[in-house]
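Taking it in order: structure first as structure tokens, then the write-up.
Here, each number is a calculation from the coordinates, and none is a lab measurement. Source: prediction; values computed, not measured. Cβ: placed from backbone, ideal geometry, glycine included. Neighbour counts: every protein chain shown.
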Amino acid sequence: MALTLVEEFAEERIAVITLNNPARRNALSRAVLAALEDNLESLGKSQSVNVVIIRSEGPVFSAGHDLHEILDQNLQEVRTLFQQCAQTMAVIRRLPQVVLAEVSGIATAAGCQLVAACDLAIAADTARFATPGVKIGYFCASPSVQLARNVPVKKAAEMLFTGDFISAEEAKASGLINRVVDNESLRDASWQFAREISRWSLPVIAAGKEFLYQQIEMSEDGAAQYGVEFMTRQSSTPDAVEGMSAFFEKRTPRWSDRS
């Protein structure tokens with residue numbers, strides 16, 4: 001059985017990666033993380049995909065790492081697991097496409113980290129999120145990296161030090177996810193969310209995503225100057241010229257990545 005499934009819908013410019021190990025609660029084992037990284041790297045080379053949706057089969061989005069790969073393992077094996085996880089999360093950040101998490105059920109520990117690592121997230125109203133490592137004596141350090149870059153520090157601290165679940169609505173209010181819909185509507189709503197983005201130019205999306213994450217790490221003055229240079233350079237790119245021309249001519253733009 002494939003641990004992840006990949007589908008491309010070129011006409012919509014959307015791809016779907018499905019975590020496909022419900023019997024193991026879609027645990028992020030080394031094998032799953034490596035497969036997910038390979039899937040993402042492959043889609044990153046596609047010129048016909050603007051949005052990648054990550055979803056799961058079964059009642060659990062992801063229960064985090066497979067503890068069998070941690071307990072009683074030598075430190076090098078454990079280090080390799082967490083290095084693989086860090087690499088996979090970094091690929092999401094580097095991907096030219098927008099990555100959208102579609103969350104049903106629970107997302108805990110590294111599963112919650114995966115949601116936080118995605119550019120956008122939509123969840124069913126029954127979804128729940130937690131970083132419960134503290135409850136088993138194993139603080140969720142790796143998940144905290146992405147978590148604390150999505151939600152206010154005090155909310156991250158609450159999740160990390162209590163280990164308790166938060167609801168989808170609370171996750172939305174905290175900034176961990178973007179939208180909450182009823183469970184029956186999740187897949188349709190996720191697809192519609194992706195379509196809101198997939199109609200735009202991939203070169204523009206890719207450049208904008210890179211800018212967004214680069215400037216977050218800068219001082220305000222440095223980011224402002226970076227924005228000046230970015231807007232200056234982008235003004236003469238084919239899609240900027242086409243987009244502004246189409247605006248004045250009151251027509252639909254013809255993006256450079258469309259055949």
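Sum -39500 (n - 2.57) across every DSSP H segment of at least 4 residues in the chain, then divide by the residue count to get the 222 nm mean residue ellipticity, nearest 500. Please list the in-between numbers first.
Values: 10 runs with 122 residues, N = 259.
The helix contribution divided over the chain gives -14500 deg cm²/dmol.
Tally Lys/Arg at +1 and Asp/Glu at -1 over every other residue whose Cβ is under 13 Å from the Cβ of T108; what's the total? Walk me through the numbers on the way to the answer.
On the way: positive: R25, R128, K135; negative: D66, D164.
Its environment carries a net charge of +1.
Taking the Cα centre of the chain as origin and charging only Cβ (+1 Lys, Arg; -1 Asp, Glu), how large is the dipole, in debye to the nearest 20?
Roughly 140 debye for the chain.
How high is the relative contact order of region 1-128? Use alpha-carbon pairs under 8 Å, at least six apart in sequence, and give a whole percent.
Details: 247 pairs, mean separation 33.4, N = 128.
26 percent.
Below 25 Å, Cα to Cα, which lysines can K154 reach? Residues fewer than 8 away in the same chain don't count.
K135, K172
To check you understand DSSP bridge types, tell me what percent of the beta bridges within the chain (both residues inside) are antiparallel, rounded to 5.
On the way: 8 of 29 bridges.
Given both bridge residues lie in the chain, the antiparallel proportion sits at roughly 30 percent.
Going by the alpha-carbon gyration tensor, a ≥ b ≥ c the square roots of its eigenvalues, is region 129-170 rounded (a/c under 1.5) or, if a/c is not under 1.5, prolate (a/b greater than b/c) versus oblate? Please report the intermediate quantities before stating the final value.
Details: a/c = 1.91, a/b = 1.23, b/c = 1.56.
Oblate shape, in that a/c is at least 1.5 and b/c is the bigger or equal ratio.
Whole-Hz ³J(HN,Hα) for each residue in region 43-48, computed from phi via Karplus 6.51 cos²θ - 1.76 cosθ + 1.60 with θ = phi - 60°, x for glycine and proline: what do you get?
For region 43-48, the Karplus curve yields 5, x, 8, 6, 9, 10 Hz.
Which peptide among 70-77, 197-204 comes first, and what is the full order, when sorted by highest mean count of other Cβ atoms within 10 Å?
Numbers: 70-77: 9.8, 197-204: 18.9.
Answer by packing, highest mean first, reads 197-204, 70-77.
What does the charge add up to near V181, with Lys and Arg as +1, Asp and Glu as -1, over the other residues with Cβ less than 13 Å from its Cβ? Display every interim value, and only then the final one.
Working: positive: K172, R179, R187; negative: E102, D125, E169, D182, E184, D188.
Once all neighbours under 13 Å are counted, the net charge is -3.
Please state the shape class of region 202-249: rounded when a/c is under 1.5, otherwise prolate if a/b exceeds b/c and oblate if not, all from the C-alpha gyration tensor.
prolate
For the pair F248/E196, report the inter-label distance in nm, with labels modelled 7 Å from Cα in the Cβ direction.
A separation of 3.0 nm, rounded to one decimal place.
Give, as a single signed number, the net charge of other residues whose beta carbon lies under 15 Å from the beta carbon of A123, with Lys and Arg counted +1 and Asp and Glu -1. It would help to have the intermediate numbers written out before the result.
Working: positive: R55, R128, K172, R179, R187; negative: E102, D119, D125, E169, E170, D182, E184, D188.
Once all neighbours under 15 Å are counted, the net charge is -3.
Give the distance, in whole Å, between the Cα centre of region 1-78 and the Cα centre of region 128-189.
Comparing the Cα centres of region 1-78 and region 128-189, I get a distance of 19 Å.
Per 0.36 nm of contour for each residue apart, how much would the distance between R94 and N183 grow if the chain were fully extended, relative to their Cα-Cα spacing?
Details: separation 89, 0.36 × 89 = 32.04 nm, distance 3.02 nm.
Stretched fully, the R94-N183 segment lengthens by 29.0 nm.
In whole Hz, what ³J(HN,Hα) sequence does region 57-71 give by Karplus (6.51, -1.76, 1.60; θ = phi - 60°), x for Gly and Pro?
My calculation for region 57-71 gives 9, x, x, 10, 4, 6, 8, x, 5, 7, 5, 5, 8, 10, 5 Hz in order.
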